Amino acid sequence: MEEKKWSELWLKYTEKEKRGNDKLIQGVYLKGFDASDAVVKSALEEWTAGLKGMYGMEPAMEENPNAGVLSLIRKADGRIRKEGYELLEQDGCLQLLAGDEKGLLYGVFHLLRLISMEKDLRGISLLCNPDNPLRMLNHWDNMDGSIERGYSGNSFFFEQDRVIVDGRTRDYARLAASVGINGVVINNVNVKQAATYLITDRYFAEMKAMAEIFAEYGIKLYLSLNYAATMELGGLDSADPLDPGVIAWWEKKMKEVFERIPNLGGFLVKADSEGRPGPFTYGRTQADGANMLADIVKPYGGIIIWRCFVYNCTQDWRDYKTDRARAGYDNFIKMDGDYHDNVILQIKNGPMDFQIREPISPLLGGLKKTNQMLEVQVAQEYTGHQIDVCYLIPMFKEILDFKTYCGGDLDTVADVISGRTMGNANAGIAAVCNTGNDFCWTGSELAAANFYGFGRLAFRTSLSAEEILEEWIRMSVSNEAEVVETIEKIMLPSRETYEKYTSPLGIGWMVTPHVHYGCSVDGYEYSRWGTYHRADHLGIGVDRSDKGTGYALQYYEPNASMYNKMESCPEELLLFFHHVPYTYVLKSNKTLIQHIYDSHFEGVEEVEEMIRLWESLQGKVDTGVYENVRRRFGMQLSNAKEWRDQVNSYFYRKSGIADERGRVIY
Ligand code: GCU
């Protein structure tokens, strides 16, 4: 067999300790499912491949559900919900019960996960229903093969304006399905160059082929759309959502698209943002724009996912009357309830842009009558470019657990986006993905934990960051206790470490403009004069209280009052909400300036400790993995030192206050 040019990641089916499990799975019995169904076939093939690789077994299909045989049984009894499954073992009979084909596939992947982790299947009793109806990956891949914010090589979907459908497409679908992903957007939200729009005859054959492969793994294909396609592609002179000519063009186009790509799930739209066209141009609302497309795709079962990352990037954000953080809420809250059923608003987790620490967007739960999806970023755009280690699942947990106070008991972000709060089915979570065509898919092998973890968390939001990490290490790296513990020690605190040596207490940015890696304290994207941190010789931070931009008041009580007052504002977000004197004393009894100095020294020390820990694994993990990660650690350490020195010297010069501990500040 030809050797693959890419890693199997957590689907590495290498030899494992059997622990008696083999006696339970000598054969396979199938009841209520059609063995020729594409998803069932995938499940059976995966089971066969997994057992062959891990146990050297080739279980045959059986006629009866005897002891020693894995029984795959269709059962929908109200407890096992859509895409859910149950695993049960009693008296030597192992059963996987599922209500539908996708549940069956996810259940098989669960069993393989347990086998890969060398867990005992005896006595198992687990009911797993997905928490979020939509669990999506958004790829920002461009048609030329580059990836916007990609840190792992080029696209494996596109190359030189061509679509690639090959063995890697299937392996990608397997990886995504194995963690419960059921929707994928393959192209960048910034859709440019009409000649390469995927909704034309030029690409239909490949799109159909890709959608079919995805469908075999229970995944729907979605595409990003250019809102002005009527003009760019259709030659019309308008993209006004209320213009009959525009509507007619889209009706014809969508008919063609859904006929040619029958499995298509729908579209993701970035409108009126960062140079993208949108309904604002015509004096129309975001709802006008989204509803027009939604009505047209509805007969085909399509949905429109409309992004809320709408802000005027050319505005002068130094002015206290305008605040970029306010923009999402201000632009969307007014039309709560106006969006049609098959529109979902996709909201970034924070009001700015995927910083290492931000408050939760007040739109999440702020909207009470509108379908919502949470958007997080697994690609490490502002969090270390997959060079610096930054395990993001603890951050995602914080976001999901945030209590919005939108009313009732079901008011966390997890409740809102799962559909529990409003009883809606069009809801869920999406992540900007971190994959590319390099051997290990994610630049650093350790960054794959974020891809894995996002999927697992999207499926079951109650899983802990620790559980998810352990699963990922055992499946991808090793089951050896020492290796598992060491990698946990490196990764679990890595988000805090990254935060310590970069921007403090929620202020964000201070990063090289546009590149978003490396320190530039005053770096400001949109004008020559602004800063995101508003530091002067007395203090730092943005006043977003009622006396400043008023952003804090976009939350429901008691969150609004909590953020509004400096004393009650959570300290990790202090500088996001307030302009604070350097001499302000924090709960730690340190002054703000001393906190900045100390945390930056600590951040670098923690990276040095991470490196020591990683080096202790030499010879205990795959050599290629060891070397790649070790090399990146070298880069992370330089990055951390540069941040430490720039930030500390900047604030020393600005404040004129020396480090209490007399350390050298350059
Ligand atoms: C960020 C990112 C852009 C991206 C944008 C978006 O601003 O830097 O590359 O296009 O987010 O989410 O649309």
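The values are calculated or read from the model by the stated rules, or taken from the named source; none is laboratory data. On a predicted model such as this, the values are computed, not experimentally measured, just so you know. Please note: Cβ atoms are built from the backbone with ideal geometry, for glycine as well, and neighbour counts cover all protein chains shown.
Where strands (runs of 3 or more DSSP E) fall entirely within segment 88-144, those with at least 1 residues that are among the small types (Gly, Ala, Ser) and surrounded by fewer than 22 Cβ atoms within 10 Å (Cβ to Cβ) are at 125-128.
No other residue among Gly235, Gly301 is touching a strand residue (DSSP E or B) at 6+ places or on another chain (Cβ under 9 Å) and away from the ligand (no atom under 16 Å from the Cβ) apart from Gly301.
If you take the residues in segment 189-202 that are among the aliphatic types (A, V, I, L, M) and part of a helix (DSSP H, G or I), which one is farthest from Leu233 (Cα to Cα)? Among residues in segment 189-202 that are among the aliphatic types (A, V, I, L, M) and part of a helix (DSSP H, G or I), the one farthest from Leu233 (Cα to Cα) is Ala195.
When segment 312-327 is filtered for residues that are out of contact with any helix residue (DSSP H, G or I) (no Cβ under 6 Å at 6 or more places or on another chain), within 16 Å of the ligand (Cβ to nearest atom) and either farther than 19 Å from Ala287 by Cβ or modelled with pLDDT of 95 or more (or both), the ones remaining, listed by number, are Cys313, Thr314, Gln315, Arg324.
If you check Arg81, Arg122 for being away from the ligand (no atom under 16 Å from the Cβ), touching a strand residue (DSSP E or B) at 6+ places or on another chain (Cβ under 6 Å) and not hydrophobic (A, V, I, L, M, F, W, C), only one passes: Arg122.
Among residues of segment 305-327 that are part of a helix (DSSP H, G or I), those with a Cβ under 9 angstrom from a residue that is more than 16 Å from the ligand (Cβ to nearest atom) and hydrophobic (A, V, I, L, M, F, W, C), sequence gap 6+ or separate chain, pair up as Ala325/Val542; Ala325/Phe576. Which of the residues belonging to segment 340-356 are away from the ligand (no atom under 15 Å from the Cβ) and surrounded by fewer than 24 Cβ atoms within 10 Å (Cβ to Cβ)? His340, Asp341, Asn342 - these are the residues of segment 340-356 that are away from the ligand (no atom under 15 Å from the Cβ) and surrounded by fewer than 24 Cβ atoms within 10 Å (Cβ to Cβ). None of Val40, Val28 is assigned to a helix (DSSP H, G or I), out of contact with any Lys or Arg (no Cβ under 8 Å at 6 or more places or on another chain) and not hydroxyl-bearing (Ser, Thr, Tyr) except Val40. Of the residues that make up segment 203-218, is at least one β-branched (Val, Ile, Thr) and either within 16 Å of the ligand (Cβ to nearest atom) or buried (at least 23 other Cβ atoms within 10 Å of the Cβ) (or both)? No: zero hits. Cβ-Cβ contacts under 7 Å between residues 6 or more apart (or on different chains), taken from a first residue in segment 434-446 that is more than 15 Å from His139 (Cβ to Cβ) to a second residue that is modelled with pLDDT of 95 or more and among the β-branched types (Val, Ile, Thr), are listed as Ser444/Ile387; Ser444/Val629; Glu445/Val625; Glu445/Val629; Leu446/Val389; Leu446/Val629. Filtering segment 546-582 to residues that are closer than 14 Å to Arg357 by Cβ and part of a loop (DSSP other than H, G, I, E, B) leaves Cys569, Pro570. Pull up segment 132-178, narrow it to residues that are of a type in the set (Phe, Trp, Tyr) and in contact with a strand residue (DSSP E or B) (Cβ under 9 Å, 6 or more places away or on another chain), then point me to the one that is nearest to Leu400 (Cα to Cα). The selected residue is Trp140. Against the definition (at pLDDT 95 or above, outside the structural domain of Glu642 (by TED's automatic domain parsing), in contact with a Lys or Arg (Cβ under 6 Å, 6 or more places away or on another chain) and of a type outside the set (Val, Ile, Thr)), how does Ala552 come out, yes or no? Here the answer is yes, as Ala552 does meet what is asked.
If you go through segment 495-530 and keep only what is touching a residue at least 24 places away in the same chain (Cβ under 8 Å) and of a type in the set (Val, Ile, Thr), you end up with Thr497, Thr502, Ile507, Val511, Val521. For Thr421, the test of being polar (S, T, N, Q) and either in a helix (DSSP H, G or I) or in contact (Cβ under 8 Å) with a residue 60 or more places away in the chain (or both) is failed.
Only residues that are part of a loop (DSSP other than H, G, I, E, B) and out of contact with any Leu (no Cβ under 6 Å at 6 or more places or on another chain) were counted across segment 164-188, and they come to 7. Restricting segment 492-515 to residues that are surrounded by 21 or more Cβ atoms within 10 Å (Cβ to Cβ) and within 15 Å of the ligand (Cβ to nearest atom), the residue that is farthest from Arg324 (Cα to Cα) is Val511.
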